[in-house]
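The next block holds one structure in the form of structure tokens; read it before the comments.
The values are calculated or read from the model by the stated rules, or taken from the named source; none is laboratory data. These numbers come from a predicted model, not from an experiment. Methodologically, a virtual Cβ is constructed for each residue, glycine included, from the backbone with ideal geometry; neighbour enumeration extends over all protein chains shown. For the accessible areas, the whole protein counts, side chains as well, though only heavy atoms, and no ligand, DNA or RNA atoms are used. Shrake-Rupley method; radii C 1.70, N 1.55, O 1.52, S 1.80 Å.
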Amino acid sequence: MSNAVISFFQGLGLSDDLVVFIVSMLPIIELRGAIPLGFVMGMNPWELLALTVIGNILPIPFIILCARHIVNFFLRTKLLRPLGNWLEAKVRKNSHRVAKYKFWGLCLFVAIPLPGTGGWTGALLAALMDLRIKSALPSIVLGVLIAGLIMIFGSSIVSFVIGLF
């Protein structure tokens, strides 16, 4: 799968750095997918960390500022109402953890590299919980940085073990 992604982007004439940067900006994939991709490309881990963290953080302020308006639009539109309801249900499911621990709750939610967590989901959660950008953004940025470090460390171990064979 990673070779298909690499081939697609390189077929567009993009450098490895730009490929990893763009992939880290994508929802769901974010840096959790971009870091292993960068390891497959043979990139320097520290350069990879910097590119993916910056790429993952770049869309976050826009998500925090616009998500509430977009979800409200979905809820007013018959065709998109199920998606709006699904998004609000997802937030309700996770908001109690974040509300209880505030800054650290949001940070840890973003930092844990599991499916359904990450910068995009954390920003959506913050927006739909009506958290102010000045309090949510630092928490999400720290969470993305922690997730990046976890992924670099994990990918380094996997790369080392594979190199043994």
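Here are a few things to note about the model shown:
- A Cβ distance below 9 Å, combined with a sequence gap of six or more or placement on separate chains, defines the contacts here; from segment 1-21, residues that are under 12 Å from Gly38 (Cβ atoms) reach residues that are of a type in the set (S, T, N, Q) and not in a loop (DSSP other than H, G, I, E, B) in the pairs Asp16/Gln10; Val19/Gln10; Val20/Thr52; Phe21/Thr52.
- Against the conditions (1) open to solvent by 40 Å² or more (accessible area, probe 1.4 Å); (2) under 11 Å from the mean Cα position of the chain (by Cα); (3) of a type outside the set (Ser, Thr, Tyr), Arg97 satisfies every one except (2).
Here is a yes/no grid of residues against (1) surrounded by fewer than 17 Cβ atoms within 10 Å (Cβ to Cβ); (2) closer than 12 Å to Ile35 by Cα; (3) over 14 Å from the mean Cα position of the chain (by Cα):
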| residue | (1), (2), (3) |
| --- | --- |
| Thr121 | no, no, no |
| Met129 | yes, no, yes |
| Ser135 | yes, no, yes |
| Ile140 | no, no, no |
| Ser156 | yes, yes, yes |
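- Put simply, of Gly42, Gly38 the only residue that is small (Gly, Ala, Ser) and in contact with a Leu (Cβ under 7 Å, 6 or more places away or on another chain) is Gly38.
- Leading residue by the ranking (modelled with the highest pLDDT) among those in segment 120-165 that are aromatic (Phe, Trp, Tyr) and assigned to a helix (DSSP H, G or I): Phe153
- When restricted to residues that are modelled with pLDDT of 90 or more and of a type in the set (A, V, I, L, M, F, W, C), segment 1-39 contains 14.
- Selection status of Ala89, out of contact with any Ser or Thr (no Cβ under 6 Å at 6 or more places or on another chain), free of Cβ contacts under 8 Å to residues at least 60 places away in the same chain and either of a type outside the set (Asp, Glu) or open to solvent by less than 80 Å² (accessible area, probe 1.4 Å) (or both): yes
- Checklist (1) more than 22 Å from Val161 (Cβ to Cβ); (2) among the hydrophobic types (A, V, I, L, M, F, W, C); (3) open to solvent by 60 Å² or more (accessible area, probe 1.4 Å); (4) in a helix (DSSP H, G or I) applied to Ile28, failing item: (4)
- For first residues located in segment 144-163 and more than 13 Å from Pro45 (Cα to Cα) and in contact (Cβ under 8 Å) with a residue 12 or more places away in the chain, partners that are open to solvent by less than 40 Å² (accessible area, probe 1.4 Å) and β-branched (Val, Ile, Thr) and lie 6+ apart or on another chain with Cβ distances below 7 Å form the pairs Val144/Val53; Val144/Ile57; Val144/Val110; Leu145/Val53; Ala147/Val110.
- The lone criterion from (1) assigned to a helix (DSSP H, G or I); (2) more than 18 Å from Pro59 (Cβ to Cβ); (3) out of contact with any Lys or Arg (no Cβ under 6 Å at 6 or more places or on another chain) left unmet by Gly105 is number (3).
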